[in-house]
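Remarks on the structure that follows.
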Amino acid sequence: MGQTFVRIYPKASFVGVTKKGTTYAKQSIEKDPKRFFVGYDATTSTYGRGYLEFDLSSLPKDVTIVSASLQLTSVIAYDNNFNGKIKLYSCGNYMDANEVIWNSLKGITNLDLISTDMQREGYGKALSNEALKITTKNAIGKKLYLAINHVDESKVIRFTGDIKDLYLDIEYKSASGETGGSTGFPYIDEIITSTVDNRLLSFTYPAHPGDTIICYCKVVNAVVKEGEISWTYNSDHLRRIPNKSDNDFKRITFVVKYTHTNIRSEIRAEYGVFKAREEVEIEGKPAKMIPSSSAVYQGNKITYTLDIPSNIRDQVVVNWEGSMLLSLLSGQGTCEAVYYAAREGNAIAKATVSYNGQSYTVEDSSVRIILDPNPSTISYNAIKNYTDISRYDRVGSLTFGSEIRGATKFQWYGGFPVEYKGSKTSASVTVDKKHIISKGFGMTIWVTASNDKESVTIYYFVSVDGVGGLDPTI
């Protein structure tokens, strides 16, 4: 049985007050970018406090509140004075922005409902405790008013007002103890999931890729018409198919998509202001490793691909391993890797696949590395190579040039950080990430690799959060 709850969104036209000098203004999330803040916005020299109004008048007064949870999600804004420590207070019904309302939104010391730390920009958190539950219960049939303040108002945190990131979830039971609303009041009781042969899905009886499953939303005290139930599901896991003509409007039918690991997929139903959710257990199928060829010349490249469907590739992290015979050139972290065939012999490629918190190892030993009767001189991955790093990823280093084979002389050029003290005539160079980030505009370097037959120039562009690493040849 799934959880039965109602999701309420705040009044969008008034979500806080700002103060700049003696001027006060409302904060709103009615229009893009749908954001509000608490604390001090250093870019505009403005202070902000939050105000959330939730209309609970549609809930019958005799329901039992099982839990109340306020979802908040911060925005990535790269504020130098970011701090995620906030407090949540119960407050009055406010309709304007002025000095009196501003002071009221401060809240009373030691009477906060919740004190929490949002930890970092872009962080989402569901706030829930007994105090919020009781405050919500007292507002059933009326409206709930909440104030949000920063613990240190010289700091700032910005929140998104998008409906997927800002809401109040209330889990409830009827007066009789059954999940749902009061007697005679239409409400969702539960969601039931089963296969087409009526076998109920559970942890011990999961769904499998290719299965057809049916979800039934049990609505009490109502005759459901077409379109009155709104369904939400993960289309990466499930593909919806049309119901048969004899199905009623409380049902939805899916085919389970491929997944290589065991996962849980959430299905939600909405009927009026009432919602329910159910998690479907899906037992996955591990991927296979496919080489681009069964044989490769020593000194050449070979590609290995995991047969993972495109709909989940961006959610998969792959750790490819090198060996004495195979040297990894590119593709680390992705579903496709390029190796350099370093020595003659039977090659073994290995990879650890991670997805949805689970990992497993795949390997292939079908490739034979053989000697090339007409070997090339200098080999490399690409003339132009691009890397992007996060401004927060300051630990570790990047190595350039290790993929070049067949050259005997090297000369490095370009915008190395001033802190770099390594050789510029070595086969490869290693630069600390923190030094690249400190440059402020990425890094562009290049190497001229040569032997007694030929010479080639290879470029490496490093950007920071998509900025910098410019191409000098353009």
Original post:
If you take the charge dipole of the chain about its Cα centre, with +1 on Lys and Arg Cβ and -1 on Asp and Glu Cβ, which of 213, 102, 347 is farthest toward its positive end?
Top reply: 102
Original post:
Using the Cα gyration tensor of segment 96-153, with a ≥ b ≥ c the square roots of its eigenvalues, what is the shape: rounded (a/c below 1.5), prolate (a/b larger than b/c) or oblate (neither)?
Top reply: oblate
Original post:
In whole percent, what relative contact order does the chain give with Cα contacts below 8 Å and a gap of six or more residues?
Top reply: 11
**OP:** Mind pulling the angle between the C-alpha long axis of helix 130-139 and the longest principal axis of the chain? Nearest 10 degrees, somewhere in 0 to 90.
**Re:** 50
Subject >> segment 358-434, relative contact order in percent, only Cα pairs under 8 angstrom and at least six apart counted >> reply: 34
**OP:** Using a 1.4 Å probe over the heavy atoms of the protein chains, calculate the carbon and sulfur portion of the accessible area of segment 330-404 as a whole percent.
**Re:** 48
Subject >> Accessible carbon and sulfur surface of segment 18-150 relative to its total accessible area, %, 1.4 Å >> reply: 47
Subject >> Value at 222 nm in deg cm²/dmol, rounded to 500, when DSSP H runs of n ≥ 4 in the chain each add -39,500 (n - 2.57) >> reply: -1500 deg cm²/dmol
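Quick one: ranking 79, 117, 314 by accessible area, 1.4 Å probe, largest first, what do you get?
314, 117, 79
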Original post:
So what does residue 231 come to for accessible area, using a 1.4 Å probe and Å² rounded to 10?
Top reply: 30
Original post:
Going out from 0 in 20 Å bins, what whole percent of all Cα-Cα distances in the chain drops into each bin?
Top reply: 18, 37, 32, 11, 0
Original post:
How large is ³J(HN,Hα), in whole Hz, for each residue of segment 48-65 in order, when computed from phi with the Karplus curve 6.51 cos²θ - 1.76 cosθ + 1.60 and θ = phi - 60°, using x for Gly and Pro?
Top reply: x, 9, x, 8, 10, 10, 10, 8, 9, 5, 7, 7, x, 6, 8, 6, 9, 7
Subject >> Rounded to the nearest 20 debye, dipole of segment 359-443 from Cβ charges on Lys, Arg, Asp, Glu >> reply: 440
Subject >> Per residue accessible area in Å² of the chain, where ligands, DNA and RNA are left out and the probe is 1.4 Å >> reply: 50
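The values are calculated or read from the model by the stated rules, or taken from the named source; none is laboratory data. Treat the numbers as computed from the prediction; the structure is a model and nothing was measured. Cβ coordinates were reconstructed from backbone atoms using ideal geometry, including for glycine residues, and neighbour counts include every protein chain displayed. Surface accessibility is based on the protein's heavy atoms, side chains included, excluding ligands, DNA and RNA. Shrake-Rupley method; radii C 1.70, N 1.55, O 1.52, S 1.80 Å.
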